[in-house]
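Peer 1: Below you'll find the structure I mean.
Just so it is clear, none of the values below were taken in a lab; they were calculated from the coordinates. All values reported here derive from a predicted model rather than from experimental measurement. FYI the Cβ positions are ideal-geometry reconstructions off the backbone, even for glycines, and counts take in every protein chain you see.
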Amino acid sequence: MAFFRKLKDKLFKSSSKLDEGLEAIVADGGEAEAVEEVEAVEAGMLVTAGVGAPEGASSEPVPAAPEVPAPEPELPPVPEPEVPEPDLPPAPEPAPEVPPAPGPGPEIPEPDLPEPEVPQPEPDVPPIPVPPAPRAGEEAAPKRAGFIGRMLGRGEATVVRRVLDDDMVESLEELLIASDMGVDTALRVTANMAEGRYGRKVSTAEIKQFLADEITRIMEPVARPMPLYPTRPQVVLVVGVNGSGKTTTIGKLASQFRAAGKKVVIAAGDTFRAAAVEQLQVWGERAGVPVMTAPEGSDPASLAFDAMTKAQADGADLLMIDTAGRLQNRADLMEELSKIVRVIRKKDPDAPHNTLLVLDATTGQNALSQVETFQKMADVSGLVMTKLDGTAKGGVLVALADRFGLPIHAIGVGEQIDDLDAFDPREFAEALTGAGSGA
Ligand SMILES: Nc1nc2c(ncn2[C@@H]2O[C@H](COP(=O)(O)OP(=O)(O)OP(=O)(O)O)[C@@H](O)[C@H]2O)c(=O)[nH]1
């Protein structure tokens, strides 16, 4: 899917941060297992040594890691080195030139494990990329390098798996909090994900998929495009703090609505800054949509009223009203927003039909307080999250969905006119966690 690829490419910062963090967590205390042992574990034939699986845990099958071939139920519970692996490419042996595996992914070979804790020198093996900032007490990178190094040396197919226990859950919580998911949401996501899986061995690929599934579950109810009504004009008020991307979003939306055959009018409600009006005019030109303006410093509520009158007279389908960026702690500016709403309701008591709050993903947790404040002032009906490209804070979207349940109509992933798309929870979750990336 083209957009998925685009989103994955553009969400690289969040994704790589989570990717690397998850790999480090699994590697820290994880053990390399031969692929056939993994198969056996997935088929429910092996019991994790030293860890008592809680009652009920074994009743839930562990989803197969994407890179692992189908289970072979007839295998004995102990890995048999002599079991052939016809579908594996012959491993170069030794393979010093093989670059270090970036993930637990197409993992490397090792039938005669386990004896993982015996560190072996690997003078000829290139160093593994060090995962980011290990948390206090973690020594993920060195351990992982040892394993992978030995695996590379042997050229045999293995996957690193770690028992899902309290320590691992705690590390996952910290990682999700660091990705701006917020404490409450991070705790809920990890708890739900771990439920029924305690005591099981999981690979990075599986953890990513479990997380993506849980995030998708939270996000699905809020993924709704902006509703269109038969009312003419449907008034769309666009609000948000300075620089959140309101003007850009209006330009992108206007372009899409126009392409869908809608007659659109834009009102440049930021009458305080001449530059803002000019910027909107540029977007109007790009989108092929007229932009109504008012002299600098004039009352934005008055412009909104005039724009309503014109849009009604012209039979426009949509009137999109830009507003000045306002900080949520500026009571005077927030009051001015209320005035715009009061005035346009003189023309249509149901207006605005949509109040879009545009949030900049890079502001992280501050987005939560912005929603709270704007909800009080402007009865927000939906969200647009911009600048998801290139931020490590994409997790805030999960927190927003979890806490407010407001519809997310669209996400911005760039500055170009077509860099706005419908919000797809599955694609977002997989892009955020790196699931399905082969790791
Ligand atoms: N990378 C990226 N940049 C964006 C996105 N959306 C908007 N921008 C950029 O963010 C900056 C601010 O966008 P504007 O649309 O001017 O924001 P605004 O909310 O209208 O700003 P004010 O009028 O100051 O309140 C511009 O440089 C945009 O190009 C996005 O999805 N991704």
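Peer 1: Sort 200, 326 by Cβ crowding within 10 Å, fewest neighbours at the top. Can you show the working numbers first?
Peer 2: On the way: 200 25, 326 22.
In increasing order of surrounding Cβ atoms, one gets 326, 200.
Peer 1: Next up: Starting from the Cα of residue 220, step 7 Å along the direction of its Cβ; do the same at residue 274; then give the gap between the two resulting points in nm.
Peer 2: 5.4 nm
Peer 1: So, one more: Return the FRET efficiency for the residue pair residue 415, residue 299: r is the Cβ-Cβ distance, R0 is 41 Å, and the value is rounded to the nearest 0.05. Present the calculation step by step, with values, prior to reporting the outcome.
Peer 2: On the way: r = 31 Å, r/R0 = 0.74.
E between residue 415 and residue 299, to the nearest 0.05, is 0.85.
Peer 1: Right, something else. Are any of the pairs 262/346; 339/387; 246/376; 346/376; 347/376 more than 27 Å apart by Cα-Cα distance, and if so, which?
Peer 2: Values: 262/346 24 Å; 339/387 29 Å; 246/376 19 Å; 346/376 20 Å; 347/376 22 Å.
Over 27 Å apart, Cα to Cα: 339/387.
Peer 1: So what are the ³J(HN,Hα) numbers for segment 247-263, from phi and the Karplus equation (6.51, -1.76, 1.60; θ = phi - 60°), rounded to whole Hz, Gly and Pro as x?
Peer 2: Once θ is set to phi - 60°, the couplings for segment 247-263 become 4, 4, 5, 4, x, 5, 5, 4, 4, 5, 5, 5, 4, 8, x, 8, 8 Hz.
Peer 1: For labels at residue 187 and residue 166 in the simple 7 Å Cα→Cβ model, what's the distance in nm?
Peer 2: In this crude label model, residue 187 to residue 166 measures out at 1.5 nm.
Peer 1: Right, here's the next one. How would you classify segment 222-433 from its alpha-carbon gyration tensor, with a ≥ b ≥ c the square roots of the eigenvalues: rounded for a/c under 1.5, else prolate if a/b is greater than b/c, otherwise oblate?
Peer 2: Numbers: a/c = 1.59, a/b = 1.37, b/c = 1.16.
In terms of gyration-tensor shape, prolate.
Peer 1: Counting other beta carbons within 10 Å of each Cβ, put 201, 262 in order, fewest first.
Peer 2: Details: 201 25, 262 16.
Ascending number of Cβ neighbours within 10 Å: 262, 201.
Peer 1: Suppose each label sits 7 Å from its Cα in the direction of the beta carbon; what would the residue 312-residue 346 distance come out to in nanometres?
Peer 2: 1.1 nm
Peer 1: Follow-up question, since we're still on this one. Determine, for each peptide in 227-235, 410-418, the mean count of other beta carbons within 10 angstrom over its residues, then list the peptides with the highest first.
Peer 2: On the way: 227-235: 16.6, 410-418: 18.7.
In decreasing order of mean packing, 227-235, 410-418 become 410-418, 227-235.
Peer 1: Arrange the following residues from fewest to most other Cβ atoms within 10 Å of their Cβ: 164, 337, 176.
Peer 2: Numbers: 164 26, 337 21, 176 29.
Lowest count first: 337, 164, 176.
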